[in-house]
1. Given the peptides 6-13, 144-151, arrange them by the average over their residues of other C-beta atoms within 10 Å, most packed first.
2. What order do you get for 196-204, 74-82 when each peptide is scored by the mean count of other beta carbon atoms within 10 Å, highest first?
3. At 30 angstrom or more along the helix axis (alpha-carbon based) and mean Kyte-Doolittle of -1.0 or higher, what helices does the chain contain? Whole DSSP H runs only.
4. Going by how many other Cβ atoms sit within 10 Å of their own, how do T87, T107 line up, fewest first?
5. Calculate the tail of P(r) for the chain: the fraction of all Cα-Cα distances greater than 29 Å, expressed in %.
6. What order, most packed first, do the peptides 153-164, 260-271, 176-187 have when packing is the mean number of other Cβ atoms within 10 Å of each residue?
7. What is the sum of charges, Lys and Arg at +1 and Asp and Glu at -1, for the other residues whose Cβ falls under 12 Å from the Cβ of G207?
8. For V227, V291, what's the fewest-to-most ordering of other Cβ within 10 Å of each Cβ?
Amino acid sequence: MKLFIICSIPFIISYALSRVVIWRSAGWGLIDLPNARSSHSVPTPRGGGIGIVSGIIAGVAVVYAAGLERFTSLAWLAALTAAMAVTGFVSDRCNSPVRLRLAAQLTMALAAVFILGRAGISWPGALIAIGIAGAVNFYNFMDGIDGLAGAQAAIGGAALAAFGFITGQSWLIFSGLIMAGAAAGFLALNVTPAKIFMGDTGSYAIGFFFACVPLLDGRLFVPVMLVMGTFLFDTIVTLALKPGRGIRWHEAHRSHFYQRAVALGYSHLQVTAAMGALTILFSAGACIYLVSQATAVKTVIVAAELSALVLCAALISKNRRGLA
């Protein structure tokens, strides 16, 4: 019952505030207008991340108010995530310049490395901060069709909770359940046809949240990457191919594998469900990776996931060429 309540409160807060954003979006300047590179055809409210982050903050507040957790880093994780969300909100509201956004992301990432990772000024710390900022943008790039980013966050949160049970860490259980609940509350309004998008407010916060978790326990680095495998693979491969297509890394486009799948005729729901199923499978593999002490088993899990992703990408590319 305790865990159910911890998951339910973020869900309710996220859903309710997302409803408020839908109602007030025009007055707040939070309307996403479709363009040639959009995957939607009608103006849609954005800023659902306000609900997600509010749900996270509420969930963490309940955990501490009830005396369920003494590990203060969970509170810092929530606070830093909220600060990153503010950066996203400014982008949603004002479409701030790319350099300004990157500077803000790197600043928050460095703060996370210093506070959560307890690392001083060093080259390794700087590289980790760059990686966190990269993860923020990766998640943002993958927020392009109805339900996809919300479902990934909900499944990823459940995976973190599972990691918490495996490692016996209550803060990890709570953080996972809170993220899963907050993401699910938003997702209820984001499934096809989406009534609201999470916007940069949500994608920045979620990408940052998952990237920062391994700072609190280094054992979680590979498992978290396995859970986020679909997003990481799609983004890294797409970015690698961008220069050859004459597209700048930060420019909007429709060349991600999930976007290509939609172009092939699959619905947003079908693509989201397929990627969600892969993420559930990869999350199970991540749990085995975390439990296993055998290097061979861990190697097989990583190789199997990478092989599955390469196969999916090859099938999409082959069908796209056939369609052309």
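Derivation of every value follows stated rules applied to the coordinates shown; laboratory data play no part. Here the structure is a predicted model, which is why all the values come from computation and not from measurement. Methodologically, a virtual Cβ is constructed for each residue, glycine included, from the backbone with ideal geometry; neighbour enumeration extends over all protein chains shown.
1. Numbers: 6-13: 21.6, 144-151: 24.8.
By packing density, highest mean first, the sequence is 144-151, 6-13.
2. Working: 196-204: 29.8, 74-82: 19.7.
In descending order of packing, they fall as 196-204, 74-82.
3. Those that pass (Cα extent of 30 Å or more, hydropathy at least -1.0) are 2-28, 73-94, 268-291, 295-323.
4. Going from sparsest to densest Cβ surroundings: T107, T87.
5. Roughly 33 percent, once rounded to a whole number.
6. Values: 153-164: 24.2, 260-271: 17.0, 176-187: 28.5.
Ranking, from highest mean packing down: 176-187, 153-164, 260-271.
7. The answer is -2.
8. Numbers: V227 30, V291 12.
In order of increasing Cβ crowding within 10 Å: V291, V227.
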